[in-house]
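The structure appears right after this line, and notes come after that.
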Amino acid sequence: MEAQIIKIGNSKGLRLSKTILEKYNIKDQVELILEEEQIILKPIAKPREGWEAAFKEMHAAGDDSLLIDEVFEDESFEEWN
C-alpha cells in the first residue's frame, strides 16, 4: 500500500484512513519503531483498560477480599517510632 506524505504546518505527516485506524485499533497515539530501512507504527495498548469494570464485578461478587492480611500478628511497629 502506498501513502502520500502531506504538509501539516511547518512539518510533514502521514494520513491514515479511517479503515486502517479502526482495523488496527489506533486511537490518539502510536509507537514509532525505527529499524534499519523501515519505520513501524504500532498502536499503543492500554494494559489496564477494562480493569474498573472488572473490579466492580469482583466487588459485587464478594471476590475482592485481601489474600494476605495487611498486618501480620507478630509484626511490631514500635521499631519505626
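The table that follows gives values for the structure above.
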{"quantity": "Where a residue in the range 46-70 is more than 22 Å from Lys27 (Cα to Cα) and its partner, wherever it lies, is of a type outside the set (Phe, Trp, Tyr) and assigned to a helix (DSSP H, G or I), with Cβ under 9 Å and at least six apart", "calculated": "Asp63/Glu57; Asp64/Met58"}
{"quantity": "Test result for Leu34, assigned to a strand (DSSP E or B) and exposed (fewer than 10 other Cβ atoms within 10 Å of the Cβ)", "calculated": "yes"}
{"quantity": "Residue list for the range 2-31, restricted to those being acidic (Asp, Glu) and part of a loop (DSSP other than H, G, I, E, B)", "calculated": "Glu2, Asp28"}
{"quantity": "Residue list for the range 34-44, filter: among the hydrophobic types (A, V, I, L, M, F, W, C) and farther than 21 Å from Ser17 by Cβ", "calculated": "Leu34"}
{"quantity": "Residues located in the range 51-71, provided they are surrounded by fewer than 11 Cβ atoms within 10 Å (Cβ to Cβ) and assigned to a loop (DSSP other than H, G, I, E, B)", "calculated": "Ala61, Gly62, Asp63, Ser65, Leu66, Leu67, Ile68, Asp69, Glu70, Val71"}
{"quantity": "Count of residues meeting criterion [in contact (Cβ under 8 Å) with a residue 12 or more places away in the chain and on the phi > 0 side of the Ramachandran plot] in the range 1-45", "calculated": "1"}
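Every number here is computed from the coordinates shown, using simple stated rules; none is lab data. Note that the structure is predicted; figures quoted are calculated from it, not measured. Ideal geometry is used to build each Cβ from the backbone, glycine not excepted, and the neighbour counts take in all protein chains shown.
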